[in-house]
Amino acid sequence: YFAKGVKKHLFGIKQLPRLSSGKSEALALYDEVIASLPSREIAAKALYGKALVLKSKKEFRESIEALQTLTRRFPKHSLAADAYLLISTIYYEQS
């Protein structure tokens, strides 16, 4: 949910309003999944999600690195083709 733009509560207290972006939390969660389950399908999804979050934060180099890791680890996964397409999209946005 954090990757989709859901904001987190101020200081983690539910009574306070949701003000801060949850993208940094999403990146931390993606990193934990990638580190704990490196060869599972959920790691491929986490790498792709991490790349999308990094792209939305305009951190293009890190996003491309995550996508290249996805294509190296999971070359036959269905997200590998999407990763190649997203890499070209990121290069287009940079230019």
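The values are calculated or read from the model by the stated rules, or taken from the named source; none is laboratory data. The structure presented is a predicted model; accordingly, all values stated were derived computationally and were not measured. All Cβ positions, glycine included, derive from the backbone under ideal geometry; neighbour counts span all protein chains shown. To get the accessible areas, we keep the full protein, side chains included, count just its heavy atoms, and leave off ligands, DNA and RNA. Shrake-Rupley method; radii C 1.70, N 1.55, O 1.52, S 1.80 Å.
Structural remarks
- Selection count where residues are among the charged types (D, E, K, R) and either assigned to a helix (DSSP H, G or I) or farther than 19 Å from Ala28 by Cα (or both), scope the range 39-64: 6
- Screening the range 65-78 for residues that are farther than 15 Å from Val53 by Cβ, part of a helix (DSSP H, G or I) and touching a residue at least 12 places away in the same chain (Cβ under 8 Å) and picking the one that is least open to solvent (accessible area, probe 1.4 Å) gives Thr71.
- Qualifying positions in the range 21-38 - part of a helix (DSSP H, G or I) and either of a type in the set (A, V, I, L, M, F, W, C) or within 20 Å of Ser78 (Cβ to Cβ) (or both): Ala26, Leu27, Ala28, Leu29, Tyr30, Val33, Ile34, Ala35
- Flag if Tyr1 is part of a loop (DSSP other than H, G, I, E, B) and modelled with pLDDT under 90: yes
- Glu62 vs. criteria open to solvent by 70 Å² or more (accessible area, probe 1.4 Å) and within 12 Å of the chain's Cα centre (by Cα): yes
- Ser39 satisfies every condition listed in (1) surrounded by 15 or more Cβ atoms within 10 Å (Cβ to Cβ); (2) in contact with a helix residue (DSSP H, G or I) (Cβ under 8 Å, 6 or more places away or on another chain) except (1).
- Any chance Thr89 is among the β-branched types (Val, Ile, Thr) and closer than 15 Å to Leu27 by Cβ: no
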